[in-house]
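Data block below; observations after.
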């Protein structure tokens, strides 16, 4: 099963309420699909989390989960300190997890919606 994550940038409280209402109706109808959404208030908020190097790190982890942050840093040929910082930020955003002796991406696909 593909694990999709929707990234939303911007929007209003009304947009959030409409999305909540839609999810509620789907649940009442028996649709138990779980939708993961990571919301950012602004483009700058997204850009502070998803840098080019972090995107490269995510792509690597998706294809090749690593046994440790140190192994990941070596595979990417980057400084451990920087990779550790990137993993921590992506982990807080819910895009990376450290579990069962591995560092891995939590999604197979990211889709973005930018509300103007």
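The values are calculated or read from the model by the stated rules, or taken from the named source; none is laboratory data. What you see is a predicted model, and the numbers here were worked out from it, not measured in a lab. Every residue, glycine among them, receives a Cβ derived from its backbone with ideal geometry; neighbour counts consider all protein chains shown.
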Practice problem: Please verify whether the stretch 63-77 includes one or more residues that are in a strand (DSSP E or B) and either surrounded by 17 or more Cβ atoms within 10 Å (Cβ to Cβ) or free of Cβ contacts under 8 Å to residues at least 60 places away in the same chain (or both). | Solution: yes
Self-check item: Subset of the stretch 9-45 [touching a residue at least 60 places away in the same chain (Cβ under 8 Å) and within 19 Å of residue 96 (Cβ to Cβ)]
Solution: 36
Quiz prompt | Qualifying position, being in contact with a helix residue (DSSP H, G or I) (Cβ under 8 Å, 6 or more places away or on another chain) and surrounded by fewer than 16 Cβ atoms within 10 Å (Cβ to Cβ), among 98, 54, 81, 109 | solution = 98
Quiz prompt | Long-range neighbours under 8 Å by Cβ, at least six apart or interchain, first residue on the phi > 0 side of the Ramachandran plot within the stretch 82-108, second crowded, with 16+ Cβ neighbours inside 10 Å | solution = 94/5; 94/38; 94/106
Quiz item: Taking residue 112 and the conditions (1) assigned to a loop (DSSP other than H, G, I, E, B); (2) at pLDDT below 95, which numbered condition does it fall short on, given that it satisfies the others?
Solution: (1)
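Table: residues versus (1) surrounded by 11 or more Cβ atoms within 10 Å (Cβ to Cβ); (2) out of contact with any helix residue (DSSP H, G or I) (no Cβ under 8 Å at 6 or more places or on another chain); (3) under 19 Å from residue 110 (Cα atoms); (4) at pLDDT below 75.
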position: 2; (1), (2), (3), (4): no, yes, yes, yes
position: 6; (1), (2), (3), (4): yes, yes, yes, no
position: 21; (1), (2), (3), (4): no, yes, no, no
position: 24; (1), (2), (3), (4): no, yes, no, no
position: 32; (1), (2), (3), (4): no, yes, no, yes
position: 37; (1), (2), (3), (4): yes, no, yes, no
position: 50; (1), (2), (3), (4): yes, yes, yes, no
